[in-house]
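Contents: one structure, followed by commentary.
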Amino acid sequence: MRCCLCAIARSGFLVTALAALIGCDDVKDDAPFADAVDGAVVRETAVVRETEEAAPESASPEIPLDQLEINMSDETKTAAKSSGGKPAYNPLNEKEAYVILHKGTERAGPGGYTMTKDPGTYICRQCNQPLFRSDDKFESHCGWPSFDDEIDGAVDRHLDADGRRIEIVCSNCQGHLGHVFEGERMTDKNVRHCVNSISMKFVPKGDDLPPTIR
């Protein structure tokens, strides 16, 4: 029996078995796998770090362009129009921007210039271009200022987005004014420029007209 044990010990079988059980450094079979795991961890850590740097948690959500335009301050709006060689038009508040820039419509009623009868000139609120004369203003009882004529070359006409009405805009800055209607027989000229008060400024007769911003 003693001779048998000695033979087994000399054969190295027992030494190899014990080394495998206790994880001896001499056993190299698992080394390539360990290196691969370490490399993957390094690469994964680098990817995570790059992702965090590219997309910080404090990033702000995108804001629709039209909403941003309405909420811009007067100073920011003026600076934006000044850039790129564009004229610095008069600053607009939120309600003015809604009508003039985004083609909105103010509420109908006797407010604004609807009932104004003083002699003078109505100019574009955004760029100061003269648009209408008080001599051409009349009461249409529609709830908005109405004119049966315009100052020559001051107003452009476009087919409205609804495909039916004709939109009128300032020919200089393209600011929205309202709509024009024909065939209503309200005046001899048979035309009604239905204009938002907020799109205009009134300059009384005798006062100097401000220069048009071009």
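Just so you know, all these numbers are worked out from the coordinates, no wet-lab data involved. Keep in mind the model is a prediction, meaning the values are calculated, not measured.
Points to keep in mind about this one:
- Global form of segment 93-204, assessed from the alpha-carbon gyration tensor, a/c cut-off 1.5: rounded
- Under-5 Å amide H pairs with TYR113, H placed in peptide plane, nonlocal only: SER197
- Karplus-derived 3J(HN,Hα) values for segment 173-185, using 6.51 cos²θ - 1.76 cosθ + 1.60 with θ = phi - 60°, are 10, 6, x, 5, 10, x, 9, 10, 10, 10, x, 8, 6 Hz; glycine and proline are entered as x.
- Between amide H atoms placed 1.01 Å from N, distances below 5 Å from GLY120 occur with SER134, ASP135, LYS205, all of them 5 or more places distant or on a separate chain.
- The slack between ARG165 and PHE138, meaning 0.36 nm per residue of separation minus the straight C-alpha distance, is 7.6 nm.
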